[in-house]
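Working notes, structure below.
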Amino acid sequence: MPTQLTSEQVDSIIKARSVLPRAIAVINGKGGQGKTTCTAQLGSLMAEALRSSESTGRVLVVDMDPQGNLGLDLGYQGTPGDDGGMSIVQSVMGPSKLTPIRDVRPNLDALPGGDNLEMVPGILVARGASGSLDDARMSFLKAIADIAPAYDWILFDCPPLEPMLQDLALITARWAVSPVTFDEGARQGLAKVSKRFTKAAELNPELELLGVIMYAFAKTGGDEEVGQRKRIRAKLEADLRKVGSEAPVFKQVIRRIDSAAEASRERGQVFTELESATDGPKWWDVRAGRVTGTVLPTERAATLADEFQALAGEIFGRVLEKERETA
Ligand SMILES: Nc1ncnc2c1ncn2[C@@H]1O[C@H](COP(=O)(O)OP(=O)(O)OP(=O)(O)O)[C@@H](O)[C@H]1O
Ligand SMILES: [Mg+2]
């Protein structure tokens with residue numbers, strides 16, 4: 001059922017969204033698909049690209065998840081400014097100013113999520129009961145739009161469940177990307193996203209799936225690997241066609257490397273940082289029994305860093321290409 005918006009509301013949506021054309025929601029309706037890792041890696045790679053080209057451009061990552069895992073991956077969890085999602089909560093309650101943590105990396109700010117976001121669905125249900133659900137959603141959209149001029153790119157890390165929180169990201173973003181692992185359930189997660197898309201389109205007709213990321217695939221090097229990747233790519237492409245999407249499955253597949261993923265989250269370092277970390281126990285000391293602990297998987301992190309670089313090129317490149325097409 002289409003939402004009945006007043007023309008004033010429509011005007012304000014159009015105005016708000018026009019300042020955030022490069023907002024991307026990272027979403028899949030199933031848990032453990034790599035959403036948070038992708039948000040952290042892609043956001044920090046873009047920020048680093050801006051920094052190294054001496055651009056003053058900035059990136060904002062927004063954690064829409066009560067789990068708050070983005071703060072682990074980027075290492076800001078529990079630091080001053082980590083409000084556990086409170087500033088997002090306030091933005092759905094009424095006009096308020098969002099307060100991202102500045103400089104979690106050069107050129108990168110983060111709007112924290114966390115426990116407090118558990119309040120959001122309840123608030124939205126209550127506002128729905130009093131007939132002001134769209135106002136609450138627009139209030140979030142406007143709050144993001146208010147800070148958006150400071151950013152070139154905004155990435156939303158969506159929760160696996162909590163459709164109401166997913167919807168907030170989807171009505172705000174221009175684009176979405178979906179990481180999908182190899183299991184069947186992951187494809188069902190993609191189907192759930194497609195439903196949320198239809199719903200979000202009522203308030204955000206411009207929302208478009210940019211592409212699907214094949215995530216955490218085994219690298220065995222043999223025919224089996226090639227076969228699995230081909231098979232799943234074909235299934236995903238068929239899924240996309242079925243829902244009428246022209247979005248591609250990105251060429252770059254991200255492989256599964258548990259050691260690097262675990263160390264990255266534990267240390268709050270993205271793969272490009274972990275790859276050059278030197279503060280871990282040395283293998284010769286571990287082998288000689290002089291120290292305990294695990295040797296840092298720097299080479300494996302470098303592999304993932306390279307794969308994410310290539311993926312970032314495809315994703316951000318596709319946005320720019322789409323922008324040129326519509327210009
Ligand atoms: N390339 C990888 N190889 C192996 N493990 C990975 C990889 N990337 C991420 N992981 C691990 O897989 C788990 C899920 O990743 P992540 O948190 O990014 O997924 P998610 O979709 O955000 O999960 P959730 O739905 O719970 O929010 C985490 O423990 C993470 O450290
Ligand atoms: Mg997550």
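The values are calculated or read from the model by the stated rules, or taken from the named source; none is laboratory data. Keep in mind it's a predicted model, so treat the numbers as computed, not measured. Glycine gets a Cβ as well: all are built from the backbone with ideal geometry, and neighbour counts include every protein chain shown.
Here are the numbers for this structure:
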| read-out | value |
| --- | --- |
| All positions within segment 24-56 that are in a helix (DSSP H, G or I) and more than 14 Å from ligand 1 (Cβ to nearest atom) | LEU45, MET46, ALA47, GLU48, ALA49, LEU50, ARG51, SER52 |
| Residue tally, condition over 15 Å from GLY71 (Cα atoms) and in a helix (DSSP H, G or I), over segment 98-149 | 29 |
| Sole residue being surrounded by 14 or more Cβ atoms within 10 Å (Cβ to Cβ) and touching a helix residue (DSSP H, G or I) at 6+ places or on another chain (Cβ under 6 Å), chosen from ILE257, ILE315, ILE232, ILE213 | ILE257 |
| Filtered residues of segment 126-140 (kept if surrounded by fewer than 21 Cβ atoms within 10 Å (Cβ to Cβ), in contact (Cβ under 8 Å) with a residue 12 or more places away in the chain and of a type in the set (A, V, I, L, M, F, W, C)) | none |
| Qualifying residue in segment 172-181 (condition: within 20 Å of SER87 (Cα to Cα) and either aromatic (Phe, Trp, Tyr) or buried (at least 24 other Cβ atoms within 10 Å of the Cβ) (or both)) | yes |
| Per-region count, segment 25-56, residues of a type outside the set (S, T, N, Q), surrounded by 21 or more Cβ atoms within 10 Å (Cβ to Cβ) and away from ligand 2 (no atom under 15 Å from the Cβ) | 3 |
| Hey, PRO21 within 16 Å of ligand 1 (Cβ to nearest atom) and either at negative phi or not polar (S, T, N, Q) (or both) or not | no |
| Residues (in contact with a Phe, Trp or Tyr (Cβ under 7 Å, 6 or more places away or on another chain), β-branched (Val, Ile, Thr) and at pLDDT below 95) located in segment 181-213 | THR181 |
| Qualifying residue in segment 70-89 (condition: in contact with a helix residue (DSSP H, G or I) (Cβ under 7 Å, 6 or more places away or on another chain), within 16 Å of ligand 1 (Cβ to nearest atom) and hydroxyl-bearing (Ser, Thr, Tyr)) | no |
| Total residues in segment 8-24, condition over 16 Å from ALA201 (Cα atoms) and either of a type in the set (Lys, Arg) or within 15 Å of ligand 2 (Cβ to nearest atom) (or both) | 2 |
| The one condition in (1) in contact (Cβ under 8 Å) with a residue 24 or more places away in the chain; (2) not in a helix (DSSP H, G or I) that GLY78 fails to fulfil | (1) |
| Test: VAL92 is within 16 Å of ligand 2 (Cβ to nearest atom) and in contact (Cβ under 8 Å) with a residue 60 or more places away in the chain | no |
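One line per residue, one yes/no per condition, for (1) in contact with a strand residue (DSSP E or B) (Cβ under 6 Å, 6 or more places away or on another chain); (2) at pLDDT below 90; (3) under 23 Å from VAL212 (Cα atoms):
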position: LEU240; (1), (2), (3): no, no, yes
position: PHE271; (1), (2), (3): no, no, yes
position: GLY289; (1), (2), (3): no, yes, no
position: GLU299; (1), (2), (3): no, no, no
position: THR303; (1), (2), (3): no, no, yes
